Amino acid sequence: MPQDFQKDKPIYLQLMTQLSSEIIRGERKAGDKLPSVREYAIEAGVNPNTMSKTYKELESMGVVEFRRGQGTFVTEDYNRLEKLRTQMKEEYIESFIKDMKELGFSAKETLDGLQSYYEKEDDG
Amino acid sequence: MITLDHVTKNYLNTSALNQVNLEFKKGSIVGIVGENGSGKSTTLKLIAGLLRPTKGKVLVDEKKANRLISRKVAYMSELESVYPFFTVGEAINYFESQFEDFNREKAEEVLKFLQLSDDQKVKNLSKGNKGRLKMTITLAREAPYILLDEPFAGLDPMVRNSIVKGLIRFIDLEKQALILTTHEIREIEPVLDEVVAIQNGNIIGREHVESIRDNQKDVVTWMEELYN
């Protein structure tokens, strides 16, 4: 079945996040070949133009590389991949903190909450 | 490019389209959405040269759209359009004989992709498989413009899904444009570049789907806002 997308966010951004997550989790490794734009578009059930934009954006970020006549590959620049990992962490933290602030939690409450959450998790 | 220039279409006393201006360029997939009787099908039939405008001009690559425009425009009707006494294979042969741009190999690829076998009789096909066959015949043509009138109407989600994948697989956006009308906007939305909203024969909106999403909206909300 086709993928479900969040309805109020551009699809290319969602696909960029998805691919980046797969790279960070190691499901796609440095130097791995990505599916062709069309194959991946069919798999995800999206417009090939959207998929092509996703690849172009990731390429301009330096996360993937297009090699003429061969296709698109995950970069082998480990510094870039490490940076991607940091960026991703910061994005998730930012969105979490934003939610917590909106709910009225102070920085201390949030930090204490995180700490006791991790402690509980380690015990269990 | 397809151009509708101040197009009005009246049927006897009723007006189907009212001073419509529209352009469609190669390389994109556009969905025309609107209620029943809003003028969606009329728009496609005018481009396919099956209807003549009451006023205004319909041009396909600068040529007036008339019956001969079917060389450039592959039109899929929402009605059943394949003789029931044919087998799937005979239907393919027949359409191959009718259209110069019919690509036999592609037809067989689409059949395989949509899991149809060519010895089945058309009259014995399920509704879903008739839909798949119509789609095969339309997509097998290497026409620069592909028009699909309600390609999902009355089909179950599995068939709709396989048709969506078939579209992505077999449309060549470097050479072709696809225009389709639909009610099933949620299913087709990820495949569209643009949506055109039409109401009572008037174009009330046109937008890139990604721009709608960029404004934190979805296409259905965008449409509801236009209608109110």
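Of the residues B:I212, B:I204, which single one is assigned to a strand (DSSP E or B) and more than 18 Å from the chain's Cα centre (by Cα)?
The unique qualifying residue is B:I204.
If A:E94 satisfies every condition in (1) surrounded by 14 or more Cβ atoms within 10 Å (Cβ to Cβ); (2) more than 14 Å from chain B (Cβ to nearest Cβ) but one, which is the exception?
Every listed condition holds for A:E94 apart from (1).
Does the stretch B:135-169 hold any residues that are of a type in the set (A, V, I, L, M, F, W, C), more than 14 Å from every other protein chain (Cβ to nearest Cβ) and assigned to a helix (DSSP H, G or I), and which are they?
B:M135, B:I137
In the stretch B:115-151, what count of residues is obtained for those that are within 14 Å of B:I92 (Cα to Cα) and of a type in the set (D, E, K, R)?
7
Considering only residues that are in a helix (DSSP H, G or I) and in contact with a helix residue (DSSP H, G or I) (Cβ under 7 Å, 6 or more places away or on another chain), which ones fall in the stretch A:1-20?
A:I11, A:Y12, A:L15, A:M16, A:L19, A:S20
Quick check on this structure: which one of A:R38, A:R85 is part of a helix (DSSP H, G or I), surrounded by fewer than 19 Cβ atoms within 10 Å (Cβ to Cβ) and more than 15 Å from the chain's Cα centre (by Cα)?
A:R38
For B:G128, indicate whether it is closer than 19 Å to B:S41 by Cα and either modelled with pLDDT under 90 or within 14 Å of chain A (Cβ to nearest Cβ) (or both). Break it down stepwise before answering.
Values: closer than 19 Å to B:S41 by Cα: no; either modelled with pLDDT under 90 or within 14 Å of chain A (Cβ to nearest Cβ) (or both): yes.
In short, no.
With respect to B:E105, is the statement that it is surrounded by fewer than 17 Cβ atoms within 10 Å (Cβ to Cβ), out of contact with any Phe, Trp or Tyr (no Cβ under 6 Å at 6 or more places or on another chain) and assigned to a helix (DSSP H, G or I) true?
Yes, satisfied.
Tell me yes or no: at least one residue of the stretch B:24-44 is surrounded by 16 or more Cβ atoms within 10 Å (Cβ to Cβ), of a type in the set (G, A, S) and within 14 Å of another protein chain (Cβ to nearest Cβ).
Taking every residue of the stretch B:24-44 in turn, at least one turns out to be surrounded by 16 or more Cβ atoms within 10 Å (Cβ to Cβ), of a type in the set (G, A, S) and within 14 Å of another protein chain (Cβ to nearest Cβ).
If you scan the stretch B:118-137, which residues turn out to be surrounded by 22 or more Cβ atoms within 10 Å (Cβ to Cβ) and among the β-branched types (V, I, T)?
Those that are surrounded by 22 or more Cβ atoms within 10 Å (Cβ to Cβ) and among the β-branched types (V, I, T): B:T136, B:I137.
For B:K175, work out the one condition from (1) surrounded by fewer than 22 Cβ atoms within 10 Å (Cβ to Cβ); (2) part of a strand (DSSP E or B) it doesn't fulfil.
Unmet condition: (2).
Within the stretch A:49-82, track down each residue that is open to solvent by 20 Å² or more (accessible area, probe 1.4 Å), without any contact (Cβ under 8 Å) to a residue 40 or more places away in the chain and within 14 Å of another protein chain (Cβ to nearest Cβ).
A:N49, A:S52, A:K56
Can you pull out the residues in the stretch A:4-21 that are more than 8 Å from every other protein chain (Cβ to nearest Cβ) and at pLDDT below 90?
Answer for the stretch A:4-21, where residues must be more than 8 Å from every other protein chain (Cβ to nearest Cβ) and at pLDDT below 90: A:D4, A:Q6.
Which residue is most open to solvent (accessible area, probe 1.4 Å), if the candidates are limited to the stretch B:185-206 and must be within 13 Å of chain A (Cβ to nearest Cβ) and over 16 Å from A:Y12 (Cβ atoms)?
Per the stated criteria, the residue is B:R186.
The rows are residues; the columns are (1) of a type in the set (K, R); (2) open to solvent by 80 Å² or more (accessible area, probe 1.4 Å); (3) within 17 Å of the chain's Cα centre (by Cα).
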site: B:T54; (1), (2), (3): no, no, no
site: B:V58; (1), (2), (3): no, no, yes
site: B:K63; (1), (2), (3): yes, yes, no
site: B:M76; (1), (2), (3): no, no, yes
site: B:F85; (1), (2), (3): no, yes, no
site: B:Y94; (1), (2), (3): no, no, no
site: B:F99; (1), (2), (3): no, no, no
site: B:L116; (1), (2), (3): no, no, no
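Taking B:E142 as meeting all but one of (1) acidic (D, E); (2) within 21 Å of B:S38 (Cα to Cα); (3) open to solvent by 50 Å² or more (accessible area, probe 1.4 Å), write down the number of the exception.
It is condition (2) that B:E142 fails.
The values are calculated or read from the model by the stated rules, or taken from the named source; none is laboratory data. Since this is a predicted model, take the numbers as computed values, not measurements. Don't worry about glycine lacking a Cβ; one is built from the backbone with ideal geometry, like all the others, and counts go over all protein chains shown. For accessibility, only protein heavy atoms count, side chains too; no ligands or nucleic acids. Shrake-Rupley method; radii C 1.70, N 1.55, O 1.52, S 1.80 Å.
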